[in-house]
Amino acid sequence: MKSLEEIILLQKKISHSPNYDPILLERMFFKISKRWIGGYSNIDAITEAKKSNQRGMSAILNYLGEGNTEKSQIDSSVSEYFTLLDLLRSKNVSASISVKPTQIGLSIGYDVCLENFRRISEKAKQTGHFMWIDIESANFVEDTLSIYLEVLRKNRDTGVAIQSYLRRSHSDLLHLMENSANLRIVKGAYSEQKDKAYQSNNEISQNFSRLVKLIFKEPTYNGVVAIATHDSKLVDEALALYNKGSKRMKNLQFQLLKGVRDELKEQLVKNGYVVLEYIPYGAKWLQYSLRRIRERKRNIFLLARSLIQS
Ligand SMILES: Cc1cc2nc3c(=O)[nH]c(=O)nc-3n(C[C@H](O)[C@H](O)[C@H](O)COP(=O)(O)OP(=O)(O)OC[C@H]3O[C@@H](n4cnc5c(N)ncnc54)[C@H](O)[C@@H]3O)c2cc1C
């Protein structure tokens, strides 16, 4: 069993068998996916966030969804974040939120999205939680950064992601740093054209190092600097720079996805670093989980074995 496509083919074959039960199949996928997601609902996600807290980490909760163009979908996503923030406060969970711009209107217009981010950010300020802005495909980057800088003016407890695969990120980072922005450095998760993005793993990692070094050139930088990768080499590089700067960077943190590299999280926590676990949740869990499954051969085997057993 080599690829996810073969698994999907197998699933289709199973679906033609007389014993096929779609609910059972979905339940089985969900059971496997629970490793990477918080669950269907905000209550499930909060339960998982509490588990992160018990393991010495804070959580970052993300309500799954992107590319919304219907007003009703956009409004209900905004209202989900309002509910989530109230729940986080009432249940005393250590967590921030992370919101995708196209989930709350960027696919239909800049102003709608800005207004929604302003509303969520204001709510987050009231409940005392940090708000991250996820960064999406290259055509949304310019608007996302501009929206972020608008929101940052009113609420310092907000941050944005920067993708090391994008060629433009070096100059974006310089501009963000001039504004003492709170930064999350990631490799980047979308498929981009060669003229916009580095294509090889090597180039993407090298640029990640370059961006991190650029920030550490100012070891007293007072914005949050979040190293968001599972790549041990890049984590070690950031730690070396931190120690070389006599640990003067006050707001260094590490962000990792739920279900990935738990042993690295544990090690970082044990060594006294701030670690946050990113936990997505919601009805759109399948697409997200398939992305995680695709990432590693071992996950594909796990899925194949469960399918055959079921
Ligand atoms: C907290 C967080 C927030 C993010 N936010 C965004 C965002 O806003 N926008 C965006 O475009 N992308 C975002 N990403 C995704 C990111 O861009 C990458 O696609 C994703 O993190 C995979 O890249 P990596 O840095 O882990 O490196 P990879 O090259 O995928 O992995 C590097 C190494 O990590 C180890 N590894 C990776 N996965 C596993 C695993 N499952 N089990 C064991 N070891 C593993 C392996 O040794 C691997 O060689 C985010 C990622 C994180 C962690």
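Quick notes on this structure:
- Debye intensity ratio I(q)/I(0), log10, the range 106-218, q values 0.09, 0.11, 0.21 Å⁻¹ (C-alpha model): -0.24, -0.36, -1.14
- Fraction in percent of alpha-carbon pairs per bin - 20 Å, the chain: 31, 59, 9, 0
- Antiparallel %, DSSP beta bridges [both residues in the chain], to 5: 5 percent
- Taking a quarter of the surface of the Cα convex hull of the range 51-134 gives a mean projected area of 5.1 nm².
- Computed [θ] at 222 nm, deg cm²/dmol, the chain (DSSP H ≥ 4; -39,500 (n - 2.57); rounded to nearest 500): -16500 deg cm²/dmol
- With 5 Å bins from 0: P(r) over the range 152-310, alpha-carbon pairs, percent: 2, 8, 16, 19, 20, 16, 11, 5, 3, 1, 1, 0
- Two-decimal log10 I(q)/I(0) for the range 240-304, as the Debye equation yields it once each C-alpha is a single scatterer, q = 0.14, 0.23, 0.28 Å⁻¹: -0.59, -1.01, -1.22
- Think of each Lys and Arg Cβ as +1 and each Asp and Glu Cβ as -1; about the Cα centre, that makes the dipole of the range 38-281 roughly 920 debye.
- Hydrophobic, long helices, defined as DSSP H runs whose alpha-carbon span along the helix axis is 24 Å or greater and whose mean Kyte-Doolittle value is at least -0.5, occur in the chain at 71-90.
Values in this text are rule-based calculations from the coordinates and carry no lab data. Note that the structure is a prediction, hence the values are computed from the model and not measured. Cβ coordinates were reconstructed from backbone atoms using ideal geometry, including for glycine residues, and neighbour counts include every protein chain displayed.
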